[in-house]
Amino acid sequence: MKSKLVAAAFLAATFGIAGTAAAKDTLTLGIGLEPPHLDPTAGAAAAIDEVVYANVFEGLTRIGSDGAVLPALASSWTVSDDGLSYRFTLRDGVAFHDGTSFDSADVLFSLNRAMAEDSTNAQKGLFEPIATVAAPDAKTVVITLKRPTGHFLFNLGWGDAVMVAPESTENNKSAPVGTGPFSFKRWAKGAEISLSRNDAYWGEKAKLSSVSFKIMPDAAASAAALMSGDVDVFPNFGAPELLEQFRADPRFEVMVGTTEGETILSMNHANKALSDIRVRRAISHAIDRQAIIDGAMFGSGTPIGSHFAPHHPAYVDLTGMYPHDPAKAKALLAEAGYANGLKLRLTLPPPSYARRGGEVVAAQLAAVGIQTEIIPVEWAQWLERVFKTTDYDLTIVSHTEPFDIGIYARDKYYFNYTSDRFNKVYADLTEAVEPEKRNALIGEAQKILAEDAVNGFLFELAQNGVWRKGIKGLWANRPVQANDVTGAYWE
Amino acid sequence: MSEPQLLTAVPTRTPFRRRAIRHPGFVLGGAISLLVLLTAILSLFWTPYPVTELNIAAKLRPFSTTYLLGTDHFGRDILSMLMVGAGNSVLVGIVAVGLGVGVGAPLGLLAAMRPGLISEAVMRASDLAFAFPALLTAVMITAIYGPGTVNSIIAIGIFNVPVFARLTRGVSLSIWQMEYVSAARATGVPPLQIALRHMLPNIASPLIVQATIQFALAILAEAGLSYLGLGTQPPQPSWGKMLHEAQTMLYFAPMLAILPGASIAVTVLGLNLLGDGLRDLLDPKLRGGSKRRLSST
């Protein structure tokens, strides 16, 4: 027994020394959800982009860690004065991981594929303003738009707009081939996706030789994996209650950043009670955002008053429009004819912001006389019942796409909300180019949503990264759904 | 020859109550079970704090005079939640075991009294139900019909049916062959009356013993289902759900997991002790003799 202990100590000591002597050049990241497949141009799941965006696939432009549009496969571009024509100059010496070269023909192929009638792209709206795409020569692409589109360059930086090659698209779901600094190596379903360095990369080569994404849906197991060193980094740790403990642990750093995740209490306007603005306003008054953030998220998150990210320059603080006021909520309900109470279903997807947040919301609604039946569902059921067939009354979900206020202008989106006023403002916004005008319209759009109390606007999800000390060059914020490891290195 | 035996047997029988008090397992098990039952009944009328009201300002409080067992992450009083959780567990146990006895025992009696096709049908159906792992099928049932207390009770109860059907048939078969039953049948007593008056009282002891064991298993199963999110739904507290919620808070609030976990463990232990004690006390072969079944036979 004693000798075993000595041996164990010895082993631990040698490994400890080995660990410090040789600079580590591999990284293991933990992610909560397994992607359904790995083709970002054919699926809405954020988990796809979280693995492949910027690492494996690149677009003409890309989004930087601060949300700015940066050149990627297009080294530069010029925009015509009328804002309708974009001329991109492509980079030299770019090759896909399978060795085929990248040129304007690939851009034509990728964009036409995304715009096609039978396209499976989840964000077809990004490409909708495009009228024509032309390739005057191998290094030049000219995109002509139907109308000026303010955030077109940003749109091209989405994961859904990455460049793919005609030779390899067919297998991108299982074995993605892109132009990025990492190439796909292996996917052990249910466990891990590994990438290795692309030594033929056109730009600055990655410092890490390999990166693996471990799929860990369970928060307690994630914490244990971090403690044991099986996982180096959780870019977005799912259990905010454990952050205090990691803060106190000298082996880790807790990086609190921003995300684009507006966490909202979505309401189905097709429900008779919820189609009444007084009921929706009553619900907005019944909600105590800070209590939800403290109770469900252990203080992690920023209150929001409309569907917009607080760190965005065009953000308008509307959290004061419906202060927590149960008496007022009851009065509004009585006015709407629900003085004797109202019964609604509250469908909750798996993340803790929804399940725990749902319990707090249910208690707050109960306090003003709205009884809720809590229905916990898995993601697949949520997508089917809530998102597709809109068979729900209330749900809690985080909308993590960047700048997604446009969903309120969509026909038949799962809120079943229609407002001519909002549609008008949004239509003006998509055509506006000058920043001041854009910001004014964005502010206007936020106000309409708040005035209409379309949904219960709860809080902006924080990005709670837990990083092993010594790792540098990762993103603390999450301007797009991505875990960009291209600049990561160990110190 | 039979008369002297009867005469000697009677004086060695000590009264049930006196033997029960001297049986430590029975006393301890009974005390625990009674405590859980009384807590469950009390929770229907009174808890220190309302369990569905959240008080986030008072979250994760330690043990104190205001909150005897502290509060959880929503500021709910743990003692109140444990009390309501006890009520939930007892309810599940009573209904699930009731369903098992209510359906299983008549089926078993029928199988014993009607050998042949009916008996075979009942027994093979039981075999079929036994072939599936109970908890897995309970998971399946709640997955199909939706999670919730009622569905989980039904799912657990269904699994008690073959348990009691088999047991009832087993013990009834030997009684069915007894002379007094044959006599009753020969004099034309209707089968239902034979079953109720002559058979049921004689198979009651093993059924009671089995019921306490199944009661404990039902509580465990409900805790398991609630832990998986398929049993009792929020805002109603249950021991299994409390355990699940406490899981990520183990590092800084271990009591949130220890208290419901201990409640489940102690309750199940108590019911098992009670069941073992009852078996010792009710088994006619053991009355007044050695405690061990094997050594007496």
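The values are calculated or read from the model by the stated rules, or taken from the named source; none is laboratory data. Since we're looking at a predicted model, the values are computed, not measured. We place every Cβ from the backbone using ideal geometry, glycine too, and count neighbours over all the protein chains shown. Ligands, DNA and RNA are excluded from the accessible area calculation, which covers all protein heavy atoms including side chains. Shrake-Rupley method; radii C 1.70, N 1.55, O 1.52, S 1.80 Å.
Normalising the average separation of contacting C-alpha pairs (under 8 angstrom, six or more residues apart) by the number of residues puts the relative contact order of chain A at 21 percent.
Based on the Cβ-Cβ distance of B:L37 and A:A331, what FRET efficiency does E = 1/(1 + (r/R0)^6) give at R0 = 30 Å, to the nearest 0.05? Efficiency, rounded to the nearest 0.05: 0.10. Element breakdown for the protein assembly as shown at a 1.4 angstrom probe: carbon and sulfur atoms account for 61% of the accessible area. Translational diffusion coefficient of segment A:261-460 (Stokes-Einstein, Kirkwood radius from Cα pairs, 25 °C, 0.890 mPa s): 145 µm²/s.
Taking A:D92, B:D280, B:D127 and ordering them by how much accessible surface each has at a 1.4 Å probe, largest first, produces A:D92, B:D127, B:D280. The relative contact order of chain B, computed from alpha carbon pairs under 8 Å that lie at least 6 residues apart in sequence, is 23 percent. Solvent-accessible surface, computed for protein heavy atoms with a probe of 1.4 Å, shrinks by 30 Å² or more for the following residues of segment B:212-254 when the other protein chains are added to the isolated chain: B:Q233, B:P234, B:Q247, B:T248, B:Y251, B:F252. For segment A:60-166, just say rounded, prolate or oblate: build the C-alpha gyration tensor, square-root its eigenvalues into a ≥ b ≥ c, call rounded for a/c under 1.5, and beyond that prolate if a/b exceeds b/c, oblate if not. Verdict is rounded for segment A:60-166. State whether segment B:198-255 is rounded, prolate or oblate according to the following rule on the C-alpha gyration tensor (a ≥ b ≥ c being the square roots of its eigenvalues): a/c under 1.5 gives rounded; otherwise a/b larger than b/c gives prolate, and the remaining case gives oblate. In terms of gyration-tensor shape, prolate. Once the partner protein chains are put back, segment A:355-399 shows a loss of at least 20 square angstrom of accessible area, versus the chain by itself, at A:R356, A:E359, A:V360, A:A363, A:I374, A:P376 (probe 1.4 Å, ligands and nucleic acids excluded).
Shown is the FRET efficiency for A:E244 and B:R124, computed with R0 = 56 Å from the Cβ-Cβ distance and rounded to the nearest 0.05: 0.45.
Annotation: A:W379 carries an accessible surface of approximately 70 Å², with a 1.4 Å probe and no ligand, DNA or RNA atoms counted. Can you give the relative contact order of segment A:60-166 as a percent, counting alpha carbon pairs under 8 Å and 6+ residues apart? Normalised by residue count, the contact order of segment A:60-166 is 32 percent.
Calculate the FRET efficiency for B:T137 and A:T26 from the Cβ-Cβ distance with a Förster distance of 30 Å, rounded to the nearest 0.05.
The pair B:T137/A:T26 has a calculated efficiency of 0.10.
Ranked from largest to smallest solvent-accessible area, with a 1.4 Å probe on the protein heavy atoms, B:M249, B:M178 come out as B:M178, B:M249.
For the protein assembly as shown, the residue among A:T372, A:A47, A:I143 whose Cα projects farthest onto the positive side of the dipole built from Cβ charges is A:T372. The modelled label-to-label distance for the pair B:S182/A:L84, using points 7 Å beyond Cα in the direction of Cβ, is 10.8 nm. Here the dipole of segment A:60-166 is about 140 debye; that uses its Cα centre as origin and unit charges on the Cβ of Lys and Arg (positive) and Asp and Glu (negative).
Extending 7 Å from Cα along the Cβ direction at B:L68 and again at B:N202 yields two label points whose distance is 4.8 nm.
Placing +1 on each Lys and Arg Cβ and -1 on each Asp and Glu Cβ, with no other charges, gives segment B:127-250 a dipole about its Cα centre of roughly 280 debye.
Computed over protein heavy atoms with a 1.4 Å probe, the accessible surface of the protein assembly as shown works out to 45 Å² per residue. Computed over the Cα atoms of segment B:168-227, the ratio of the radius of gyration to the Kirkwood radius (Rg/Rh) comes to 1.24. If you split all Cα-Cα distances of chain B into 5 Å bins from zero, what percentages do you get per bin, shortest first? Histogram of Cα-Cα distances, whole percents per bin: 1, 5, 10, 13, 14, 13, 12, 10, 8, 6, 4, 3, 1, 1, 0, 0.
Legend: mean number of C-beta atoms from other chains within 10 angstrom of residue C-beta atoms, peptide B:162-173, equals 0.
Of the listed residues A:E401, B:E53, A:E491, the order by accessible area with a 1.4 Å probe, largest first, is A:E491, B:E53, A:E401. In terms of its alpha-carbon gyration tensor, the protein assembly as shown comes out prolate; a/c meets the 1.5 threshold, and the first ratio a/b outweighs b/c. Taking all protein chains as shown and a probe of 1.4 angstrom, A:M216 keeps an accessible surface of around 40 Å². Extension gain for A:K424-A:A200 works out to 75.8 nm (0.36 nm per residue, less the C-alpha to C-alpha distance). The H on the amide N of A:T259, modeled in the peptide plane, is under 5 Å from the matching H of A:Q463, A:R478, each at least 5 residues off or on a different chain.
The residues of segment A:233-261 listed by number as losing at least 20 Å² of accessible area in the complex, against the isolated chain and with a 1.4 Å probe, are A:E241, A:L242, A:Q245.
With the crude spin-label approximation of a point 7 Å out along Cα→Cβ, what separation in nm comes out for B:Y145 versus A:N112? Once both label points are built, they end up 5.7 nm from each other. Determine the distance separating the Cα centre of segment A:38-112 from the Cα centre of segment A:121-166; give it in Å without decimals. Using only Cα atoms to place each centre, the spacing works out to 9 Å.
Using a probe of 1.4 Å on the protein chains alone, the accessible area found for B:R185 is around 120 Å².
How big is the dipole moment of the protein assembly as shown about its Cα centre under a simple scheme where the beta carbon of each Lys and Arg is +1, that of each Asp and Glu is -1, and everything else is neutral? Debye, nearest 20, please.
Dipole about the Cα centre, nearest 20: 4140 debye.
With the helix formula -39500 (n - 2.57) applied to DSSP H stretches of n ≥ 4, chain B reaches a computed 222 nm mean residue ellipticity of -23500 deg cm²/dmol.
Take the accessible area of A alone and of B alone, subtract that of the pair with a 1.4 Å probe, and the total buried over both chains is about 1500 Å². From its DSSP helices (H runs of at least four residues, each -39,500 (n - 2.57)), chain A gives a residue-normalised ellipticity at 222 nm of -8500 deg cm²/dmol. Between the alpha-carbon centres of segment A:368-435 and segment B:90-165 there is a gap of 45 Å.
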